[in-house]
Each structure stands twice: as structure tokens, then as C-alpha cells.
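Asker: I have a structure I would like to understand better, so I am pasting it below and will then ask my questions one at a time.
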Amino acid sequence: MVLRFVHTCGDITIGWDGSFGEQPNYRIELAIDHDAPGDCAEDPREVPFDVGPKKQSFRAEHPRPTPLGLRIPPYEEEQGAVCLVDLFQDEPFKGMRCK
């Protein structure tokens, strides 16, 4: 997966705590650490994040067709998080605003 950042500067760190959340909505919750958007000029960057090992680990514990979502928290709470419903879907991915 490729995450696109627009107003960032300095290093961007993407982390995951190793858990998949709880039923019925299993998901990976990412933690994003980067400098404040108010302190940075617009400088779009794409940062890869490998979800393959997470999907393999999840499938080892949860058989198909159990979905695995993903949540990316907002920098500012009022912006809302971005979610993907299922990392195993066949159709093109499109993130949506979520809680």
C-alpha cells in the first residue's frame, strides 16, 4: 500500500501495534508520526507500507472470507480518519472517511 502525504516535512514513521482489533470489525490501526502540517509547505510524498505480512498473519488465524480493514488516524481530529473496508478485496481500493 502507498500512503500519500501532502503537508509534511521531516521524517514520516508508520507503525502498527501488531493487533487486529476485535470482532466483528477486524482491522489494522496504523500510527502515523510526522511533523505538523501547519509547519510544512505543500510537498506531496508517497510512502510505501507493506501490508502483505499482516494479511498473511491474519489469515493464519482467521479463515476466508473474514475481512480485514485498515484505519489511518487523522492528524487533526476534525479531519476524520481514513479507512479501507477489506485489504483482501478484489476491486480497486478507495479510502473513505470513518470514525
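Asker: Filter region 51-70 down to residues that are under 11 Å from TYR26 (Cβ atoms) and hydrophobic (A, V, I, L, M, F, W, C) and give me whichever is surrounded by the most Cβ atoms within 10 Å (Cβ to Cβ).
Answerer: LEU68
Asker: Can you pull out every residue in region 1-20 that is within 17 Å of GLN56 (Cβ to Cβ) and either part of a strand (DSSP E or B) or at pLDDT 90 or above (or both)? Give the steps one after another, and end with the answer.
Answerer: If we filter region 1-20 for residues that are within 17 Å of GLN56 (Cβ to Cβ), which is where we start, we get 1, 16, 18-20.
Passing the criteria: TRP16, GLY18, SER19, PHE20.
Asker: Continuing with the same structure: Please work out if ARG27 is out of contact with any helix residue (DSSP H, G or I) (no Cβ under 6 Å at 6 or more places or on another chain), modelled with pLDDT under 90 and either surrounded by 10 or more Cβ atoms within 10 Å (Cβ to Cβ) or more than 21 Å from PHE93 (Cα to Cα) (or both). Step through it out loud before you land on a result.
Answerer: Working: out of contact with any helix residue (DSSP H, G or I) (no Cβ under 6 Å at 6 or more places or on another chain): yes; modelled with pLDDT under 90: no; either surrounded by 10 or more Cβ atoms within 10 Å (Cβ to Cβ) or more than 21 Å from PHE93 (Cα to Cα) (or both): yes.
The answer is no for ARG27.
Asker: Still on this model: As an exercise: evaluate PRO48 against (1) modelled with pLDDT of 90 or more; (2) surrounded by 10 or more Cβ atoms within 10 Å (Cβ to Cβ); (3) under 18 Å from ASP17 (Cα atoms) and give the number of the one condition it does not meet.
Answerer: (2) is the only condition that PRO48 fails.
Asker: In the list ILE28, ILE12, ILE72, which residue meets the criterion of being touching a residue at least 60 places away in the same chain (Cβ under 8 Å) and closer than 17 Å to MET1 by Cα? Quick ask: steps written out before the conclusion?
Answerer: On the way: ILE28 fails: touching a residue at least 60 places away in the same chain (Cβ under 8 Å); ILE12 fails: touching a residue at least 60 places away in the same chain (Cβ under 8 Å).
Answer to the check: ILE72.
The values are calculated or read from the model by the stated rules, or taken from the named source; none is laboratory data. In this text, all values refer to a predicted model and were calculated from it rather than measured experimentally. Every residue, glycine as well, gets a Cβ built from its backbone with ideal geometry; the counts of neighbours run over all protein chains shown.
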